[in-house]
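The values are calculated or read from the model by the stated rules, or taken from the named source; none is laboratory data. Small disclaimer: the values here were computed from a predicted structure and weren't measured. No Cβ is skipped: glycine too gets one built from the backbone with ideal geometry, and neighbour counts run over all protein chains shown. Protein only, heavy atoms only, side chains kept; ligands, DNA and RNA dropped before computing areas. Shrake-Rupley method; radii C 1.70, N 1.55, O 1.52, S 1.80 Å.
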Amino acid sequence: KSFHPLTKLKMSGRIEWEVREEIGILTINNPPENYLFEPEFVPLDVLQKWTAEPTLKGILIYGKGKHFSAGGNLKRLFEIIAQEENLEDKLAAGNAIIDHLVNTNLPLVAAVHGVCFGGGLEIALACHIRVAAENALFATPETSHGLIPGLGGTLRLPATVGQANALQMILSGDMISTEEALMMGLIDVILPRKEVFGHAFNLLHSMIKNLEPGIIKSVIKVLKNSTSMPSEQAIAEETKIFCELARKEYSRRLSESEI
């Protein structure tokens, strides 16, 4: 697939943003390991501005260079403590960033290569689909530093791979290969390194190209409701959204004399 020319690249610190064919591409650019310098790896107001484009239909998350992301910067973490900054607020801000991505109600796809550790893995876990290179490695190494995952990993990892696999990954801190990750459901497909970004982009584009943003957001919302609400409430929300869309579609067809 040949990509349309890039829109103007936007940057905030070590994070880049561009839009191609109604897909926002969020790139971690802090080589060589693409560490997240702060838990709030991009200012929330900046991310909100980037993702506010009403024609946006999906988001692809990627790491520039050799790796997706090696996670949080331990040195910076201890600087925050030494400088008596509020660590709780910093982590809350980081979680707010990931929550905002999830709450855009757009399909999120991670294109993973190289290392995907700690906070980097927690970002990938927030995505609906994870496409991985053959050389990718995954780990939650926090316990080896006297810590635990701090950006939603203890919630999203067991929801993705099950309690048993999550417990083993978190307590051991061991790296797992793409083959192991695929078996446990941590990733969805394995490809040669050079094909990962293109496949992830094309996969996302194929899902959204013929749909209006409102339909896409409705689908993501009801699927999210299915795991976050009691079944009766989720069904009630599904019914409500279906009826809203049906009335909107009826009005559209009526105005265009299709009825």
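Tallying residues that are assigned to a helix (DSSP H, G or I) and of a type in the set (A, V, I, L, M) within the range 127-157 yields 2. In the range 103-115 there is at least one residue that is in a helix (DSSP H, G or I) and without any contact (Cβ under 8 Å) to a residue 60 or more places away in the chain.
Taking every residue in the range 34-62 that is among the charged types (D, E, K, R) and pairing it with any residue that is open to solvent by 20 Å² or more (accessible area, probe 1.4 Å) and in a helix (DSSP H, G or I), at least 6 positions away or on another chain, the pairs with Cβ-Cβ distances below 7 Å are Glu38/Arg76; Glu38/Lys90; Glu40/Lys90; Glu40/Ala93; Lys57/Pro213.
Residue check: is Thr154 touching a residue at least 24 places away in the same chain (Cβ under 8 Å), surrounded by fewer than 17 Cβ atoms within 10 Å (Cβ to Cβ) and more than 18 Å from Val109 (Cβ to Cβ)? Criteria not met by Thr154. Within the range 95-109, the set of residues being crowded, with 18+ Cβ neighbours inside 10 Å and in contact with a strand residue (DSSP E or B) (Cβ under 8 Å, 6 or more places away or on another chain) comprises Leu101, Thr104, Leu106, Pro107, Leu108, Val109. For Ile129, state whether it is among the hydrophobic types (A, V, I, L, M, F, W, C) and closer than 22 Å to Asp45 by Cβ. Considered against the rule, which asks whether it is among the hydrophobic types (A, V, I, L, M, F, W, C) and closer than 22 Å to Asp45 by Cβ, Ile129 comes out as no.
Residues in the range 158-209 that are farther than 16 Å from Leu137 by Cα, part of a loop (DSSP other than H, G, I, E, B) and open to solvent by 50 Å² or more (accessible area, probe 1.4 Å): Lys209 only. In the set (1) at pLDDT below 95; (2) open to solvent by less than 80 Å² (accessible area, probe 1.4 Å), Ser2 fails one condition alone, (2).
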